[in-house]
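These notes are about the structure you will find just below.
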Amino acid sequence: MAKSVSFSCTACGAAHTRWSGRCDACGEWNSIVEDTPLSTGPASKSLGSKRGNAIQLTDLSAQEVPPPRTNSGINELDRVLGGGMVPASAILVGGDPGIGKSTLLLQAAARFAQAGLKTFYVSGEEASAQVRMRAARLGLADAPVKLAAATSLRDILTTLEAEKPDLVVIDSIQTVWSDAVESAPGSVSQVRAAAHELTSFAKRKGTSVVLVGHVTKEGQIAGPRVVEHMVDTVLYFEGERGHQFRILRCVKNRFGPADEIGVFEMTGSGLAEVANPSALFLSGRGDPSPGSVVFSGIEGTRPLLVEMQALVAPTPHSQPRRAVVGWDGARLAMILAVLESRCGIPFAGLDVYLNVAGGLKISEPAADLAVAAALLSAREDVALPADTVVFGEISLSGALRPVGQTENRLKEAQKLGFTTAIAPSGGKSVGSSGLKLMQMGDLTAFVGDIFGAG
């Protein structure tokens, strides 16, 4: 009987029945490769070798209670994980090269080991002596963590079967190779096979497995997206080389809230957690200046204040520039169109630059009003008061739409010394927050009240 052959795209992971030069799903050229089936293992341990034990959902109370989460003591990491490490979970951590993934995970492994977990750190990119040197620099030389330098999946699984650890860190999944797959390490087939076997080991043995993944130039974890579907939690470690802090962002979590963030500061002795990230992002603010507006946002479950900076200048070119850092460029174009169409404020012949201070990336639509305020402040050369925060969503009609968690946004602003907040009208009652709340119904009223024109 002829063996069935399948193909997949290395860029998007789409499946194909035959090879072609161009992927129909994403349009990439020369990205389709042949898939190698995963090894089924010995007959006694294969998936269909014995019947599973089905139980009723109502009988779960009679089953063995799973162990509780384990806290690392690193509050920012525990927050992103949803309250601590869940037993038998698989976690994928991605980030740019040199951003600090290995440093963070070595510190986390040491803290989890000190909390009572039997921890195993497997490095495929460094020798054990090099990992020990980094641990000594971080002050973790005495941590009860077992180290290994290996890239063979068979050797890693054999060692883990014998050691029976509670937590395993694989740094990185792109260096692990399986002798059952006929392709080079780091290829789609190898990454998928290694992730599948390690995730299966985590579920079978009750071991928590953390996989480190490199990212592509587009910022996504290298390899097929199916790897993200295999694991329980996907974390991205973000940051700018020119800034001292890093952001650990959760984009998928089966055991807690997604879109949660943890903030760390890169120091000479490793990564230090930042308990009050709002104060860190606003630490560089000086006197009030045109184009600078403080936005009160929500990242996951935590309120976060960040500075939105705008610059509007005449352009010598026929096509004005629209440059955005940390925000959606299409949404900036929408805000400019609403300002011109609904408020009669044109930006033709003007270059527009927008930046989120500190390298943070903002995605929620509640930042619309803060962006509009920064653009108008820069265009009119009028600075908003330094003790004012702004938030609200702008619709295409020019109306201001209320946003969620208003009370948390105001409490965070009050805690940092702000006295005035500008927000859409019609939101939920916020009680006595101690701030002067200016509620606006539409963008025209906001422009008239704040900048004296409409």
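Among the residues of region 263-284, those identified as under 26 Å from Ala383 (Cβ atoms) and open to solvent by less than 60 Å² (accessible area, probe 1.4 Å) are Asn276, Pro277, Ser278, Ala279, Leu280, Phe281, Leu282. Out of everything in region 297-317 that is open to solvent by 10 Å² or more (accessible area, probe 1.4 Å) and of a type in the set (Gly, Ala, Ser), what residue ends up being nearest to Val251 (Cα to Cα)? Step by step, filter region 297-317, then rank; the result is Gly300. The set of residues from region 103-128 being in a helix (DSSP H, G or I) and open to solvent by less than 50 Å² (accessible area, probe 1.4 Å) comprises Thr103, Leu104, Leu105, Leu106, Gln107, Ala108, Ala109, Ala110, Phe112, Ala113, Ser128.
Do you know which of the residues in region 395-414 that are touching a residue at least 40 places away in the same chain (Cβ under 8 Å) and farther than 26 Å from Leu336 by Cα is surrounded by the fewest Cβ atoms within 10 Å (Cβ to Cβ)? Within region 395-414, the match that is surrounded by the fewest Cβ atoms within 10 Å (Cβ to Cβ) is Asn408.
Picking from residues in region 405-454 that are charged (D, E, K, R) and farther than 14 Å from Ser296 by Cα, the one that is modelled with the lowest pLDDT is Lys428. Selection of region 277-300 for residues being in a loop (DSSP other than H, G, I, E, B) and more than 12 Å from Glu412 (Cβ to Cβ) yields Ser283, Gly284, Arg285, Gly286, Asp287, Pro288, Ser289, Pro290, Gly291, Gly300.
Quick one: is Asp171 buried (at least 20 other Cβ atoms within 10 Å of the Cβ), of a type in the set (Asp, Glu) and in contact with a helix residue (DSSP H, G or I) (Cβ under 7 Å, 6 or more places away or on another chain)? Quick ask: steps written out before the conclusion?
On the way: buried (at least 20 other Cβ atoms within 10 Å of the Cβ): yes; of a type in the set (Asp, Glu): yes; in contact with a helix residue (DSSP H, G or I) (Cβ under 7 Å, 6 or more places away or on another chain): yes.
It is true that Asp171 is buried (at least 20 other Cβ atoms within 10 Å of the Cβ), of a type in the set (Asp, Glu) and in contact with a helix residue (DSSP H, G or I) (Cβ under 7 Å, 6 or more places away or on another chain).
Screening region 65-86 for residues that are part of a loop (DSSP other than H, G, I, E, B) and open to solvent by less than 40 Å² (accessible area, probe 1.4 Å) and picking the one that is farthest from Lys118 (Cα to Cα) gives Gly82. Just so you know, in region 207-223 the residues that are in a strand (DSSP E or B) and modelled with pLDDT of 90 or more include one that is nearest to Phe237 (Cα to Cα), and it is Val212.
Is it the case, given these coordinates, that Ala330 is out of contact with any Phe, Trp or Tyr (no Cβ under 6 Å at 6 or more places or on another chain), at negative phi and not charged (D, E, K, R)? Here the answer is yes, as Ala330 does meet what is asked.
Could you tell me whether region 159-179 includes any residue that is assigned to a strand (DSSP E or B) and charged (D, E, K, R)?
Within region 159-179 (the criterion being assigned to a strand (DSSP E or B) and charged (D, E, K, R)), the answer is yes, since at least one residue qualifies.
Do we find that Ser8 is at pLDDT 90 or above, open to solvent by less than 40 Å² (accessible area, probe 1.4 Å) and either hydroxyl-bearing (Ser, Thr, Tyr) or not in a strand (DSSP E or B) (or both) in this structure? Against the criterion (at pLDDT 90 or above, open to solvent by less than 40 Å² (accessible area, probe 1.4 Å) and either hydroxyl-bearing (Ser, Thr, Tyr) or not in a strand (DSSP E or B) (or both)), Ser8 does not qualify. Annotation note: of Ala141, Ala150, Ala135, the sole residue that is assigned by the TED database to the domain that holds Phe112 and open to solvent by 50 Å² or more (accessible area, probe 1.4 Å) is Ala141. Screening Val251, Val294 for residues that are open to solvent by 10 Å² or more (accessible area, probe 1.4 Å) and modelled with pLDDT of 90 or more leaves exactly one candidate, Val251. For region 304-322, does any single residue satisfy the condition of being among the charged types (D, E, K, R), outside any helix (DSSP H, G or I), farther than 28 Å from Leu235 by Cβ and touching a residue at least 12 places away in the same chain (Cβ under 8 Å)? Looking for residues that are among the charged types (D, E, K, R), outside any helix (DSSP H, G or I), farther than 28 Å from Leu235 by Cβ and touching a residue at least 12 places away in the same chain (Cβ under 8 Å), one finds at least one in region 304-322, hence yes. When Gly398, Gly344, Gly349, Gly392 are screened for being modelled with pLDDT of 90 or more and under 15 Å from Ala421 (Cα atoms), only Gly392 passes. Per this entry, Ala337 is not counted among residues that are in the same structural domain as Val293 (by the TED database), among the small types (Gly, Ala, Ser) and surrounded by 13 or more Cβ atoms within 10 Å (Cβ to Cβ). Only one residue in Val356, Val371 is open to solvent by less than 20 Å² (accessible area, probe 1.4 Å) and in contact with a Leu (Cβ under 8 Å, 6 or more places away or on another chain), so which one is that? Of the residues listed, the single one that is open to solvent by less than 20 Å² (accessible area, probe 1.4 Å) and in contact with a Leu (Cβ under 8 Å, 6 or more places away or on another chain) is Val371. May I ask you to verify whether Phe264 is of a type in the set (Phe, Trp, Tyr) and more than 20 Å from Leu400 (Cα to Cα)? It is true that Phe264 is of a type in the set (Phe, Trp, Tyr) and more than 20 Å from Leu400 (Cα to Cα). Out of curiosity, is Val122 in the same structural domain as Gln107 (by the TED database) and touching a helix residue (DSSP H, G or I) at 6+ places or on another chain (Cβ under 8 Å)? So Val122 fits the description; yes.
The values are calculated or read from the model by the stated rules, or taken from the named source; none is laboratory data. Since the model is a prediction, treat every value here as computed from it, not as a measurement. Cβ atoms come from the backbone with ideal geometry, glycine included; neighbour counts cover every protein chain shown. Surface accessibility is based on the protein's heavy atoms, side chains included, excluding ligands, DNA and RNA. Shrake-Rupley method; radii C 1.70, N 1.55, O 1.52, S 1.80 Å.
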